[in-house]
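Undergrad: First the structure, then my questions, so here it is.
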Amino acid sequence: MKPFLILQLRPETEASDDEFQAILNKSGLAERDTVRIRLDQETLPADLDLDVFSGVIVGGGPGCVSDAPEKKTEIEARIEHQVLGLMPDITERDIPFLGCCYGIGILGHHLGRVVSKDQYSEDVGTSDCTLTEDGRNDPLLAGLPEQFLAFVGHKEAVQRLPEGCTHLVSSPTCPYQMIRFGQNVYATQFHPEADSDGFEVRINIYKHRGYFPPEDADKLIEMCRAADVHAPEKVLRNFVDRYAAG
């Protein structure tokens with residue numbers, strides 16, 4: 001099996017390590033089956049060849065593609081530039097890609113600059129997701145119930161479906177929870193890798209980043225721990241199972 005390229009954007013080591021382990025656990029991948037690159041610490045190789053990978057998985061992060069350049073930290077701007085630099089090759093050649101949370105922002109921005117904070121932000125917690133008709137027939141959603149809970153927390157969102165995309169999952173608070181471009185390029189607004197333990201880590205790390213009032217952290221942790229969130233991880237498993245053959 002060719003390895004999967006996992007690109008991580010979180011500059012906090014605890015959050016990055018926890019996310020990486022969650023991706024491994026939920027996808028069924030072993031660490032030896034991946035090439036992990038923390039884009040906050042290193043740059044992509046100039047000669048990076050996507051053909052040597054089974055697929056690309058992009059994790060979440062605190063950056064927002066819709067922010068004005070002057071509002072982005074140097075690290076956020078560098079990460080965004082690197083990931084966006086891969087998208088023309090990925091979309092033109094329909095390379096297997098799964099973008100999680102920040103990944104849907106990257107895909108939507110690349111395809112039509114349709115990401116903003118105008119509508120559809122979601123507080124940290126769970127979202128009531130529903131498969132669309134196309135979603136019910138998509139291989140990455142095989143085995144998921146028609147309705148399921150997923151962990152979310154984002155300030156920006158896709159405002160309209162980009163041209164060439166298929167709408168797969170919706171929710172009342174954010175219509176574009178999962179989309180597909182072509183046949184192999186996927187992105188989710190929700191976090192397919194997240195569970196209550198992982199979200200507790202993120203709540204504690206990001207409680208001063210404007211997602212929620214810091215004094216609400218304990219209440220949010222309690223709410224996440226009480227939530228029954230298991231279905232979304234199947235997306236990661238299905239992605240790996242589908243593309244592991246290369």
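Quick note: the coordinates plus some simple rules give every number you see, no bench work behind them. In this text the structure is predicted, and so the values were computed from the model without any measurement. Because the Cβ atoms are built from the backbone with ideal geometry, glycine has one as well, and the counts that use them run over all protein chains shown.
Undergrad: Roughly speaking, what is the stretch gain from residue 17 to residue 197, that is 0.36 nm per residue apart minus the C-alpha to C-alpha distance, in nm to one decimal? Numbers along the way, then the final one.
TA: Numbers: separation 180, 0.36 × 180 = 64.80 nm, distance 1.30 nm.
Once the chain is fully extended between residue 17 and residue 197, it gains 63.5 nm.
Undergrad: Which GluC sites (Glu not before Pro) does segment 20-70 hold that lie in a coil by DSSP with at most 12 other beta carbons within 10 Å?
TA: On the way: sites: 31, 42, 70; in loops: 42.
Those satisfying the criteria are 42.
Undergrad: Let me ask something else. Hey, can you grab everything whose amide H is under 5 Å from the amide H of residue 57? Only 5+ residues off in sequence or another chain; H modelled, so Pro and N-termini drop out.
TA: Result for residue 57 returns 5, 6, 7, 98.
Undergrad: Quick check on the chain: helices-only [θ] at 222 nm, where DSSP H runs of length 4 and up contribute -39,500 (n - 2.57) each and the sum goes over total residues. Nearest 500, please.
TA: Numbers: 7 runs with 82 residues, N = 246.
Dividing the helical sum by the residues of the chain leaves -10500 deg cm²/dmol.
Undergrad: Once you list every other residue whose beta carbon is under 10 Å from the beta carbon of residue 16, what net charge do they have if Lys and Arg are +1 and Asp and Glu are -1?
TA: Values: positive: 10, 36, 38; negative: 12, 14, 17, 18, 19, 40.
Residues near residue 16 contribute -3 overall.
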